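Peer 1: I have a structure I would like to understand better, so I am pasting it below and will then ask my questions one at a time.
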Amino acid sequence: DAKTTQPTSMDCAEGRAANLPCNHSTISGNEYVYWYRQIHSQGPQYIIHGLKNNETNEMASLIITEDRKSSTLILPHATLRDTAVYYCIVKVQGAQKLVFGQGTRLTINP
Amino acid sequence: DGGITQSPKYLFRKEGQNVTLSCEQNLNHDAMYWYRQDPGQGLRLIYYSQIVNDFQKGDIAEGYSVSREKKESFPLTVTSAQKNPTAFYLCASSHPSRDRFSGNTIYFGEGSWLTVV
């Protein structure tokens, strides 16, 4: 699985959009980009995933660059409950293994 | 509600004892996983199972054992051979599918804290 690089920490004001970047410059053509988040002492929560096109669901939007070497997770209107560690993972569809890095610790400030 | 249930949430073990962590899912998922997480660290894969009666070692299988006798259940035993078992343990499951939007997304339980005393 390709490695990902994320900032260690980020801050965002409540009500603003939180934009979390992820670099995956060695991603292969058949690897998807997945995002999970983990609130302290809880299991990781699936957020969204995509291959080439931008994706949106009720939680977030995922913007993938045309060369697929980086992506951005967007939380459109961050709330205090969005404070968590966010993990960007690349994985081949059908592969059983998720490789977690250190993630980004996002703090939403009132 | 469908989901993954782990028990117990907190467990204390004396040195030299084996302990078993339970994981049950009612999502009808074929694949199940066990991860370990140390404080401030990411998740590391211990074992995974793609189908009943079959399982494979992950990156840190030494000192652990699993069984997969039923589709819904994937218990993890932390044996006395595991030298540093204090950690947060996470069970997960997924349903392999050719649908690229829903297939193979991995879902997690709420975790179990194991402390050696």
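Peer 1: GNM on chain A, C-alpha springs below 10 Å: top fluctuator among A:37, A:68, A:81?
Peer 2: Top of the fluctuation ranking is A:81.
Peer 1: Treating only the Cβ of Lys, Arg, Asp and Glu as charged (+1, +1, -1, -1), what charge dipole size does the protein assembly as shown show about its Cα centre? Round to the nearest 20 debye.
Peer 2: Using only the charged Cβ atoms, the result is roughly 360 debye.
Peer 1: Now a separate question. Scale the Cα Rg of the protein assembly as shown by the rule-of-thumb value 2.2 N^0.38 Å and send over the ratio, two decimals.
Peer 2: Compared with the compact-globule rule of thumb, the protein assembly as shown sits at 1.02.
Peer 1: Choose one answer from B:40, B:16, B:63: the residue with the largest mean-square fluctuation in a GNM of chain B with alpha-carbon springs under 10 Å.
Peer 2: Per the Cα network of chain B with a 10 Å cutoff, B:40 tops the list.
Peer 1: Something else now. What is the extension gain from residue A:81 to residue A:3, computed as 0.36 nm multiplied by their sequence separation minus the C-alpha to C-alpha distance, in nm to one decimal?
Peer 2: 25.3 nm
Peer 1: Farthest toward the dipole's positive end in chain B, which of B:111, B:89, B:18, given Cβ charges of +1 (Lys, Arg) and -1 (Asp, Glu) about the Cα centre?
Peer 2: My answer, from the dipole projection, is B:18.
Peer 1: Which is the longest stretch in chain A that no exposed loop site breaks, taking sites as GluC sites (Glu not before Pro) with a DSSP loop state and at most 12 other Cβ atoms within 10 Å?
Peer 2: A:1-57
Peer 1: Right, here's the next one. Ranking B:54, A:82 by Cβ neighbours within 10 Å, fewest first, what do you get?
Peer 2: B:54, A:82
Peer 1: If I model a spin label at residue B:38 and residue B:51 as a point 7 Å from the Cα along the Cα→Cβ vector, what separation in nanometres do I get?
Peer 2: Going from the residue B:38 label point to the residue B:51 one covers 3.6 nm.
Peer 1: Within the set A:97/B:83; A:3/B:57; A:91/B:9; A:3/A:52, which residue pairs have Cα atoms separated by over 27 Å?
Peer 2: Going by Cα-Cα distance, A:91/B:9 fall outside the 27 Å limit.
A short reminder: the numbers here are calculations on the coordinates, not readings from a lab. Keep in mind the model is a prediction, meaning the values are calculated, not measured. As a convention, Cβ positions derive from the backbone with ideal geometry for all residues, glycine included, and neighbour counts pool all protein chains shown.
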